[in-house]
Each structure stands twice: as structure tokens, then as C-alpha cells.
Amino acid sequence: MPYRSKVFYTGTGSEQVLSVTFPYLDITHIHIRFDEVVQEDNTWSWVTGSTIALTAISGAIVEIFRSTPYEPMVTFTNSSLLNEDDQNMAALQAIYLIEELLDGQTILEDIVHDFNLTDNTFAITFIADGVVTALGTGIKGFLQIPFDCTILEAHVYADTAGSMVIDIWKDTFANFPPTDAASITSETPLTLVGNDKVKNLSLTAWIKDITAGDILAYNIDSCDTIQRVTITLVVQK
């Protein structure tokens, strides 16, 4: 399935003029990664409203992507005059956000294939993305798991070398949201120390069993430098 909010190219080592193949509401919503690292705006420039000039090292994966803000770009009030532009912007903002979420799901499907999973083994993947800034601390999102399973492994991949501590909390739908008291990692949270990846195959003292309907919360306890992180739990049903 083609992406709806991003496009990929390969760097040549010299300046390239690349097409932005998808629509956007504002140029500030367009960002670029070289090999998964977000680039500062002053490292590339707009040529036209649909093309960008940049220089990436030969062989680098260049990703041009859209990140539409979640905050409403248009606010309607009682007795306000509705006009075509505002209504279109509100509708397009919702559509673009959905497209970006769907593109995230496409990425997860690609990641699953990297684990050579068996029929009874699955990958549960969560991505936290600060887009243009380092990830802050706190809860970055939730996933509800629709089936009973047992965690076998945990993997973390960051966009750049750095330090980070990630905790995962688990609780029932009735007790949402999970809290630190419901941590499944015990005294061994997922930890990066000056590197960009880590895997935990032993899961010492972890609470490994998940019941259908349980909700996982992904909490960053600390972070330095890292802007984007992918957390994958390999589970068995």
C-alpha cells in the first residue's frame, strides 16, 4: 500500500530537487529525515510548493513526511459565519491526521516482517515521535491488546544514539489509565545508554502475561537526544 503522507528517496551526495507527492495545509507541517534522523529546516529549502532542494550523503534514505498538528486549526463558535475555506481546512485536517495514522500502521506491518514471526508469534509495536525535538518524559500513548498472549522479547530502536529509560504499564479497561504502580518491567525497564538499540530476551522479573482487553501505557522516564523511538514486544498467543 502506498504511503499517503510521506515519500522516500535515496541520497546522491549532491543537491537534489525532490517532489512532495502529497498535499498539506501549511509548509511548517513538512519535515525531512535522513536515515531516520530529523533534519533542521535550514538544511533544505523549498523550490516550489511541491518540490524541495536538499543534499544528502550518497545512499542515505531521505524521507519527506507530513506531520499535521492535533490542535484544531479552525475553531467554530455559536453564531459565527461559516465560510468555505474554514470548513475545508477543518475537514482536511481530520483527513490528513487519519492518513498519518494509517501510514504509521503501514510502517508497523513492515516491521513485523523483520522478526521472522511464526503463526503463533506476533509483534506489538509502538512508535513515539517528537518530530523535530527530543522526546520529553511522561506517557506517550496507549495500546489495547485484543488477545491473550505472553511477552517473549522486547526490542527498542531509536533514531540516533542517546540515553533513554522506557517503562511499560499494564491495566484493565476498567482501571484506565494505567499508572506506574502497574509497571510490567519491575526493576528492569528498557534502557538505552549512549546507543540506538537494545533488546531484552530474558525479561527478568517482568510481568509477561497479557489478557485480552488489557491496555499498555508507554512511559518515558528519561530521555537525552533521542527524537523517535520504536518499541516492539514479541508475543506468543
Discussion item. So, in the range 56-75, exactly how many residues are loosely packed, with under 11 Cβ neighbours inside 10 Å and of a type outside the set (Val, Ile, Thr)?
Written reply: 4
Item to complete: For Thr232, indicate whether it is of a type outside the set (A, V, I, L, M) and part of a loop (DSSP other than H, G, I, E, B).
Response: no
Discussion item. Return the pair list, or none, for Cβ contacts closer than 6 Å from residues in the range 176-199 that are under 17 Å from Asp159 (Cβ atoms) and at pLDDT 90 or above to residues that are surrounded by 11 or more Cβ atoms within 10 Å (Cβ to Cβ) and hydroxyl-bearing (Ser, Thr, Tyr), at least 6 apart or on different chains.
Written reply: Leu192/Ser163; Val193/Ser163
Worksheet item: Thr204: within 24 Å of the chain's Cα centre (by Cα), part of a loop (DSSP other than H, G, I, E, B) and surrounded by fewer than 18 Cβ atoms within 10 Å (Cβ to Cβ), yes or no?
Response: no
Discussion item. Among the residues in the range 155-172, are any outside the structural domain of Phe65 (by TED's automatic domain parsing), in a loop (DSSP other than H, G, I, E, B), modelled with pLDDT of 90 or more and more than 26 Å from His31 (Cα to Cα)?
Written reply: yes
Practice prompt. Check whether at least one residue in the range 171-190 is more than 30 Å from Gln39 (Cβ to Cβ) and in contact with a helix residue (DSSP H, G or I) (Cβ under 6 Å, 6 or more places away or on another chain), and report yes or no.
Written response: yes
Fill in: Condition check for Tyr3: of a type in the set (Ser, Thr, Tyr) and farther than 30 Å from Gly162 by Cα
no
Worksheet item: Could you list, in sequence order, the residues of the range 1-30 that are aliphatic (A, V, I, L, M) and surrounded by fewer than 15 Cβ atoms within 10 Å (Cβ to Cβ)?
Response: Met1, Val17, Ile27
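The values are calculated or read from the model by the stated rules, or taken from the named source; none is laboratory data. Source: prediction; values computed, not measured. Note that we place each Cβ from the backbone using ideal geometry, even for glycine, and neighbour counts take in every protein chain shown.
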